[in-house]
Amino acid sequence: MKLIALLAFLFILPAHAYSGKELRADCLAAEGNLAASPEPDQPSRGARCLGYLEGFVDGYAISDHLAETVGVKLNAFCLPKSRDLTSRLVRSVLAHLDRQPPNPEGSTATLVAAALSRTFPCTELLEPRK
C-alpha cells in the first residue's frame, strides 16, 4: 500500500521546466568558469548551462543529419568549427537573454534557437523548391 501511495505521489508532482531565468543564471556561472574565476557554487551551475547547450547543439546536429537524408536542409544556424565554440555559445545565449524581459516567455529551447540563429546565421543559400 505504501508503494502505491509513493507512486501516486510521484505522478502528482508538478513538472518543472528549465526556465530562461535559470538558464541565464547558469550561463553566467559558466561564463565565469570559462574565464577561470569561479565562485564556490558556480561550477555545478555552469555545468548545467554547458550541458544544456551541448545537448541542444547535438540534438540539432542529429535533426539536421536526419533531415538531409530525406533531402531537406534545416539551416536554422551554422556553427563554426572553432576551439572556443563553447564560450561563444554561452556568450551568444547570454547576449540574447539580456535583450529579453526578466522572465522571458517561451521555452528555453526556443530562446537558445533564437540566440544561435542570430549569432551564427547560415551563409549558404538554400536552393528554391521545384
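Where a number appears in this text, it was derived from the coordinates with a stated rule and is not lab data. Not measured: the values here are computed from a predicted model. All Cβ positions, glycine included, derive from the backbone under ideal geometry; neighbour counts span all protein chains shown.
Sub-8 Å Cβ pairs linking a first residue in the stretch 58-71 that is more than 14 Å from Val112 (Cβ to Cβ) to a second residue that is assigned to a loop (DSSP other than H, G, I, E, B), at least 6 apart or interchain, are Asp64/Lys73; Asp64/Leu74; Ala67/Lys73; Ala67/Leu74, ordered by first then second residue. Please tell me if Ser82 is surrounded by 13 or more Cβ atoms within 10 Å (Cβ to Cβ) and at negative phi. Taking the combined requirement at face value, the residue does not satisfy it.
Every listed requirement among (1) of a type outside the set (Asp, Glu); (2) outside any loop (DSSP other than H, G, I, E, B); (3) more than 12 Å from the chain's Cα centre (by Cα) is met by Ala76 save one, (2). Just give me the residues in the stretch 79-107 being outside any loop (DSSP other than H, G, I, E, B) and not charged (D, E, K, R), in sequence order. Those that are outside any loop (DSSP other than H, G, I, E, B) and not charged (D, E, K, R): Leu85, Thr86, Ser87, Leu89, Val90, Ser92, Val93, Leu94, Ala95, His96, Leu97.
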